[in-house]
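S.K.: This structure is in structure tokens; I'll ask about it shortly.
The values are calculated or read from the model by the stated rules, or taken from the named source; none is laboratory data. None of these values were measured; they are calculated from a predicted model. With ideal geometry, Cβ positions are generated from the backbone for all residues, glycine too; neighbour counts draw on all protein chains shown. Areas reflect the complete protein model, heavy atoms only, side chains present, ligands, DNA and RNA absent. Shrake-Rupley method; radii C 1.70, N 1.55, O 1.52, S 1.80 Å.
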Amino acid sequence: MAARITVHSVLDKISKDHLECPICTNRFINPTMLDCLHSFCFTCLKELHQQDPNNSILLCPLCRKKTTLEDNKVDSLPKDFKLNALVDEFTVQEQLIEGHGSEVKCQACKRDHTAVSRCIDCEHFICHECQQAHQHMAILESHKIYSLAQLQSGVVTYRSKIREYIPKCGKHSDQTLNIYCNTCQKLECTTCTILDHANQTHDPIGIPEALDKCKQEVAELVAKAEKCKADIQTAMEQASESCKKLESSYAETNMKISQKAVKERAKITEEEKQLKQEAESVYKDRVQTFVTAEATNTKEVTQVEHKLDEVNQFMTQASSHEILDFKLKLVNNLDELTKIQGEIVSDRLSFLEFEEGERSVGRLVLEDEQQAKAEAQAKEHETIHTKQEWELKESFSTLDFPEFQMVRFVAAFSDNEIVVLDINIYQFAFSTLKPQVAANTSQSTHCPQRFKLKGLSEPSALTVGNNDHLYVIDNLEVKVFNRKYMPLYQFQLMVRNFSPSRLAVDENNLIAVGYSEGQKISLYNPDGSLIRTFSTPVRADYLTLYNERIIYNRRGNKHLHSVDYQGGKVFSVDIDQSEGSWGICCDKDGSIFVAQFDGGTNRICQYSPDGKYIGCVIEECGHAYDITFTPSGNLVVAAEQSVNIFQVVSQ
């Protein structure tokens, strides 16, 4: 009896934890899956949709993720065959266990006879007479029949026929879904493939090949998600170590405060109290920072673990058709996991020290003052930025050279070759100004050449990285070319609802992208993976990078802005004596150069790295839509109707 009670309690727990619908809390009936991979009874989802029948979006009751209904019908959602089969198998095993010591009734006749076996094909418990009928009727003699003793002993394991189900085509009910279209990423029957997927743009393949590719793609995303989880856990461990250091520093600081206060307790009790309160306040604020970061990271890790468990369970238990049918959902869910980032807390918050005073208890030291002093000294020795004088070295007009059309964007390679993007209403093309040495003079000159890059449809901005790679914005992608203008790789911009306006690459080949709307800037790794996206006060039509800072402005705006790589404000200043601004760039010392216009005058002004105005350095530079520096120190201006190259004459 005790053993039987234990078995029933285990079955009840399994049923409640895994086989009951979260909405109705009853055992699943016709379980149906949402995009987030959570399943519910079909009837429960239908009733949920009836609460707002005109809305084609269903919110998951568990995770609140959205699922879009095709034709606004719950019937369009896929069935969870794996879970349905599990419920079927569980129910049979439950009936077998309940049959120990009592009777299991025949489900095939109306005579209320005791069942002695189960027909696997009919999926019924049957009595002795019904079993004989199976043996005597030719149409039933192929059915597989097992005795209750065989099923109860475990000699034969019952497995639901639902697991062997191959889905039928919704358009052709007599055909199974036996082909996978890579283009549509859907299972199709042979007729649909011939009628709807036969053109050259579609790529239909067999189920085994599609399954192998799907498993490989899922495995790669699982690996990325695991790495993301590991990175967050590393951040948690680092924060934990820093918090421990803070605990130790706090205890030692309190001890030092107390030791000093004991010597002069009578006259400095109040000061001791104030110092401890200040130390406690700093300590609590910093501990709260660590606690908040740990809570955030724990939540993210838990989310990743839960989703990975669901995916791994699905990949283990689902059939090949199910895996392919849910491929898009699997990939989308795993892709979201790879973008989760942990919250990192600076180790500087672990520093807390006490310094004794001669006539008082002393004071709190909240940062490493020796390090701060060293940083201040280093800052004193930074380059002094003074106004520079420039003169025109070379100029190439679109009227004189058919190689140029309408020049809007410019960049320079390490060998001082200049590449510009020509734009007009008919075409997009590239031109280069290649340095050459004239036959009878030592001065360098340039020879214009015009060409087109393969694989580009609508290029809108360009720059050159520290690795001599050419980066081009093309629609919503960044495409990268080598020094010979051959394509290397490309990546999708993650801010999908806004058009990118400009990009820049720093000395470590990190890529910053500004957008012509939405007031956002995105930062990417060299391989194109997103680091972060943050909001800005104004949109970033022009931007440049220097010393892990982003300097940007809005076209025609009278302000110059700068933020760090976390989106923190560095400075925001007015541009004096100007109606607005255009192109922007930095020299090797961090001085900022901005193309400005005032009435009919176009000029370039110089600013210090902290945004202070130094002076106007070039008058009448033309409509400077874009400006950049060559490695040799020349300033190149893309002036729409010309390319102008300036050199320093005094400093």
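S.K.: If the requirement is being farther than 19 Å from Ala411 by Cβ and not hydroxyl-bearing (Ser, Thr, Tyr), which of these qualifies: Gly583, Gly518?
M.R.: Checking each option against the conditions leaves just Gly518.
S.K.: Here is a further query. With open to solvent by 60 Å² or more (accessible area, probe 1.4 Å), under 30 Å from Arg348 (Cα atoms) and of a type outside the set (Lys, Arg) as the only criterion, which of Glu217, Glu247, Glu272, Glu209 stands out?
M.R.: Result: Glu247 is the single residue among Glu217, Glu247, Glu272, Glu209 that is open to solvent by 60 Å² or more (accessible area, probe 1.4 Å), under 30 Å from Arg348 (Cα atoms) and of a type outside the set (Lys, Arg).
S.K.: Quick check on this structure: which one of Glu94, Glu103 is open to solvent by 50 Å² or more (accessible area, probe 1.4 Å) and acidic (Asp, Glu)?
M.R.: The unique qualifying residue is Glu103.
S.K.: Please go through region 168-190 and pick out each residue that is β-branched (Val, Ile, Thr) and loosely packed, with under 14 Cβ neighbours inside 10 Å.
M.R.: Across region 168-190, the qualifying residue is only Thr183.
S.K.: Right, another one. If the Cβ limit is 8 Å and pairs must be 6+ apart or interchain, which residue in region 315-342 that is over 30 Å from Thr292 (Cα atoms) pairs with which residue that is small (Gly, Ala, Ser)?
M.R.: Final answer for the pair search is Leu324/Ala210; Phe326/Ala318.
S.K.: Just to verify a result, which residue in region 127-166, among those that are at pLDDT 75 or above, polar (S, T, N, Q) and closer than 18 Å to Lys105 by Cβ, is surrounded by the fewest Cβ atoms within 10 Å (Cβ to Cβ)?
M.R.: Only one residue fits best here, namely Gln132.
S.K.: Right, something else. Would you mind listing the strands (runs of 3 or more DSSP E) fully within region 509-549 where at least 3 residues are open to solvent by 60 Å² or more (accessible area, probe 1.4 Å)?
M.R.: Hits in region 509-549: 530-535.
S.K.: Checking Ala198 against (1) assigned to a helix (DSSP H, G or I); (2) hydrophobic (A, V, I, L, M, F, W, C); (3) open to solvent by 70 Å² or more (accessible area, probe 1.4 Å), only one condition comes out false. Which one?
M.R.: (1)
S.K.: For Gly633, are the conditions met, namely being over 20 Å from Thr432 (Cα atoms), assigned to a loop (DSSP other than H, G, I, E, B) and touching a strand residue (DSSP E or B) at 6+ places or on another chain (Cβ under 9 Å)?
M.R.: In short, no.
S.K.: Among (1) free of Cβ contacts under 8 Å to residues at least 40 places away in the same chain; (2) more than 30 Å from Lys186 (Cβ to Cβ), which single condition is Ser76 missing?
M.R.: Going through the list (1) free of Cβ contacts under 8 Å to residues at least 40 places away in the same chain; (2) more than 30 Å from Lys186 (Cβ to Cβ), Ser76 breaks only (2).
S.K.: Those residues that are touching a Ser or Thr at 6+ places or on another chain (Cβ under 8 Å) and of a type outside the set (S, T, N, Q), I need them from region 508-530; list them, please.
M.R.: Matches in region 508-530: Ala512, Val513, Gly514, Tyr515, Glu517, Lys520, Ile521, Leu523, Leu530.
S.K.: Say whether the condition of being touching a strand residue (DSSP E or B) at 6+ places or on another chain (Cβ under 9 Å), among the small types (Gly, Ala, Ser), surrounded by fewer than 17 Cβ atoms within 10 Å (Cβ to Cβ) and under 18 Å from Gln519 (Cα atoms) is met by at least one residue in region 581-596.
M.R.: Looking for residues that are touching a strand residue (DSSP E or B) at 6+ places or on another chain (Cβ under 9 Å), among the small types (Gly, Ala, Ser), surrounded by fewer than 17 Cβ atoms within 10 Å (Cβ to Cβ) and under 18 Å from Gln519 (Cα atoms), one finds none in region 581-596, hence no.
S.K.: If you take the residues in region 494-508 that are in contact with a strand residue (DSSP E or B) (Cβ under 6 Å, 6 or more places away or on another chain) and over 17 Å from Tyr552 (Cα atoms), which one is least open to solvent (accessible area, probe 1.4 Å)?
M.R.: Per the stated criteria, the residue is Val495.
S.K.: Given the structure, is Gln259 more than 33 Å from the chain's Cα centre (by Cα), over 30 Å from Leu324 (Cα atoms) and either among the hydrophobic types (A, V, I, L, M, F, W, C) or open to solvent by 30 Å² or more (accessible area, probe 1.4 Å) (or both)?
M.R.: Yes: the conditions hold for Gln259.
S.K.: Quick check on Glu389: is it touching a Lys or Arg at 6+ places or on another chain (Cβ under 8 Å), at pLDDT 80 or above and either under 30 Å from His18 (Cα atoms) or surrounded by fewer than 18 Cβ atoms within 10 Å (Cβ to Cβ) (or both)?
M.R.: no
S.K.: Still on this structure, I have one more. Being surrounded by 15 or more Cβ atoms within 10 Å (Cβ to Cβ) and modelled with pLDDT under 90 is the filter; apply it to region 445-466 and report the residue that is farthest from the chain's Cα centre (by Cα).
M.R.: Restricting to residues being surrounded by 15 or more Cβ atoms within 10 Å (Cβ to Cβ) and modelled with pLDDT under 90, the top hit is His446.
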